[in-house]
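Before any comments, here is the structure.
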Ligand SMILES: Nc1nc2c(c(=O)[nH]1)N[C@H]1C(S)=C(S)[C@@H](COP(=O)(O)OP(=O)(O)OC[C@H]3O[C@@H](n4cnc5c(=O)[nH]c(N)nc54)[C@H](O)[C@@H]3O)O[C@H]1N2
Ligand SMILES: Nc1nc2c(c(=O)[nH]1)N[C@H]1C(S)=C(S)[C@@H](COP(=O)(O)OP(=O)(O)OC[C@H]3O[C@@H](n4cnc5c(=O)[nH]c(N)nc54)[C@H](O)[C@@H]3O)O[C@H]1N2
Ligand SMILES: [Mo]
């Protein structure tokens, strides 16, 4: 007997998709998805090649089979099989021991996105820790730290996007560091295609000739990484000197553009105008000035500025690539500046810049108990939390909620994530910290595979995939729907879903009653969360209908245009900033008194590990990563079939390759002070000179001491945080490349 079960993708790939699993004799034998949506249907939930390959990835014989206990040194990868009972007992004993010895703030749950369902291990274990007295939490993410922190300095909020349906009303769309043809970003791609069909011109700005540049854009402009602010400064200079800027908009809604609109008490020469014209530093920010920084021809910059200002409305949309840099906060704020200068804020077809979140339907969420411990660290600084937690401070390290931490991190819980080793920066540094068992004393992981992170577990638990348990899938950032994961098959081997074994742990801790809300089964819990949401989202059908249909697409979706209210009725609707205006000049940033790193206006700063870093003499190439179609971060790496979509290679320009005697297909060594990678070279004109790139997420595969053979970019990335957000500058890296062996022997 065959049956079709409706479920959905729960990985963190930016998209969510409908997966129809055909189940026969307890096995998934085939996968289908929703037919590509017809024109007019505003939500596309058709699976891409990753979604279609979910069963080959997740139901493979590479799965972890039973709980294991580390027997060798930490990280050596030597484990011994244990029973679930023993595993839970060891976890409970360590949990209590560490709580008693070091206190609540010594317990940390790592950022992890392998399962983005509502009932995810990560949220559940935080809940249990909160019920048990508290834990050290974090703020920020690896996705959007810089833009999330920087955007509100301009607008007072990060909700600066428009409904994607409005893209087709643009006259021109500029995608900067945004690659939705490969890097799923909700259903951005779908709406860009609609815009293109409607005749909208699309320009892609990216150091690489990305899939988006290739398949959707009319034009590609190659830019040096980390220099988007310099490009925007010069565009602003062109608009200003040619008087193409929207003076009325700037005067009415903004502070800080010119000297006449500055907050009180600020000395003269601090406005954006004083900066671009060179009144302040003697350097006008001309296209020629920017050419030397960005690598973009000055004439091109001028034309781009004129085209953007004369196409009304126009959308300058920055992806999150430009903000995953050492000066990423500046890139984010610059993207807001250029929108303000052209009055493209609050208009259908425009785009206010910055993070680009939108208001929409409320998403279902797990009702996590309040954490009694108030200390928070920036997510990127968890390794610092291990080695110098108690020395971290608010001004230097972005510590929040407490003056000082009570303890360094002594216990890490890492469920469905590969941040522990693979996805965090500077793998060799991380490994050194984790190997020292006197620092972090206990590491608990659950995963489906023996990943580079799983190897560092003290107790390693086999998790279940989305085929093996029920769940509710929420949209990523954009999307008016909720999906239901029906259970297709029983858990493989001895795998258990996190809710299941966490109930056992809660029982040992005397917290089962509270943790399970009086003994709720997984389905009961999901129903409870859903019904609670349905009280506010009245359009949702009854739970049993929702489950049967595998989800719900909302029919009544409001069109959201960020700041339309403020623009229409400025007297009654101020911007949610301290001044009530759009703050091109931010007094809050000015008062931080670090003008070189954290200027009050959105302007180009050199950052570190970029073109302005002295290390460039030794490591002359800028290395960036990107989110590839073959993986969701490191997920799907175990599925060899996916490798056909994009080989794990180092993109290098013809000129840079020639200088180093490298031919296409040669094995090269990519290195800096932090480590070495062996990888195949892809010699191409699809990347600009001076820049090399490899897709992020390959599983770290060390050979001996420090050379990685897989092309795992985080061997080369830096753990130094960005100045304001304390975020991850994982695209800012200086390296050198040399030939290791020629393809021709
Ligand atoms: N297929 C797939 N899709 C995904 C994911 C995945 O792993 N795989 N991950 C999802 C998640 S969690 C996230 S956070 C998002 C990430 O989404 P993004 O952060 O937007 O993705 P990236 O690939 O890091 O960067 C986008 C583009 O920016 C370019 N870029 C890098 N540096 C610069 C720069 O300095 N200036 C400019 N102009 N361009 C630059 C890169 O070459 C790349 O093409 O993607 C989501 N979608
Ligand atoms: N250099 C560099 N590093 C980056 C980035 C970058 O652009 N460049 N991007 C960053 C970003 S934006 C993000 S969001 C992070 C993502 O980093 P992570 O959150 O670590 O995401 P993944 O690498 O996909 O790891 C998810 C893990 O969960 C496991 N898993 C999947 N489903 C389940 C399940 O149901 N149960 C259990 N128990 N396990 C499961 C998978 O096997 C996989 O090992 O990486 C960051 N790291
Ligand atoms: Mo992300």
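Nothing in this text is a laboratory measurement; each read-out follows from the coordinates by a stated rule. Being a predicted model, the structure only gives us computed values, none of them experimental. All Cβ positions, even for glycine, are placed from backbone atoms using ideal geometry, and neighbour counts span all protein chains on display.
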* To do: Specify whether the C-alpha gyration tensor of the range 678-734 places it in the rounded, prolate or oblate class, a ≥ b ≥ c being the square roots of the eigenvalues: rounded for a/c under 1.5, otherwise prolate if a/b is larger than b/c and oblate if not.
  => oblate
* Antiparallel bridge percentage (DSSP; both residues within the range 653-743; nearest 5) -> 80 percent
* Asked: Where does each of 524, 614 land when they are ranked from fewest to most other beta-carbon atoms within 10 angstrom?
  -> 614, 524
* Going highest first, how would you order 681-692, 533-544 by mean Cβ packing within 10 Å? -> 681-692, 533-544
* Asked: For 724, 231, 192, what's the fewest-to-most ordering of other Cβ within 10 Å of each Cβ?
  -> 724, 192, 231
* Structure fact -> Classified through the alpha carbon gyration tensor (a ≥ b ≥ c as square roots of its eigenvalues; rounded if a/c is under 1.5, else prolate when a/b is larger than b/c, else oblate), the range 614-741 comes out rounded
* To do: Considering Cα pairs under 8 angstrom that are at least six residues apart, work out the relative contact order of the chain and quote it in whole percent.
  => 20 percent
* Structure fact -> If each part is reduced to its alpha-carbon centroid, the range 342-388 and the range 229-268 end up apart, in Å, by 28 Å
* With the radius of gyration and the Kirkwood radius both derived from the Cα set of the range 146-359, what is their ratio Rg to Rh? -> 0.94
* Structure fact -> Residue span residue 52 to residue 739: 0.36 nm per residue of separation minus Cα-Cα distance leaves a gain in nm of 243.6 nm
* **Computed helical MRE - 222 nm, the chain, DSSP H runs ≥ 4 contributing -39500 (n - 2.57), nearest 500** => -7500 deg cm²/dmol
* Does the range 238-302 come out rounded, prolate or oblate by the C-alpha gyration tensor, with a ≥ b ≥ c the root eigenvalues, rounded set by a/c under 1.5 and, if not, prolate when a/b is larger than b/c and oblate if not? -> oblate
* Restricting attention to the alpha-carbon atoms of the chain, what are Rg (one decimal) and Dmax (integer), both in Å? -> 25.5, 79
* To do: Determine, for 442, 253, the number of other Cβ atoms within 10 Å of each Cβ, and report the residues in order from fewest to most.
  => 442, 253
* To do: Name all residues of the range 347-383 having a backbone nitrogen under 15 Å from the label point set 7 Å from the Cα of residue 536 along its Cα→Cβ direction, giving them as ranges.
  => 359-368
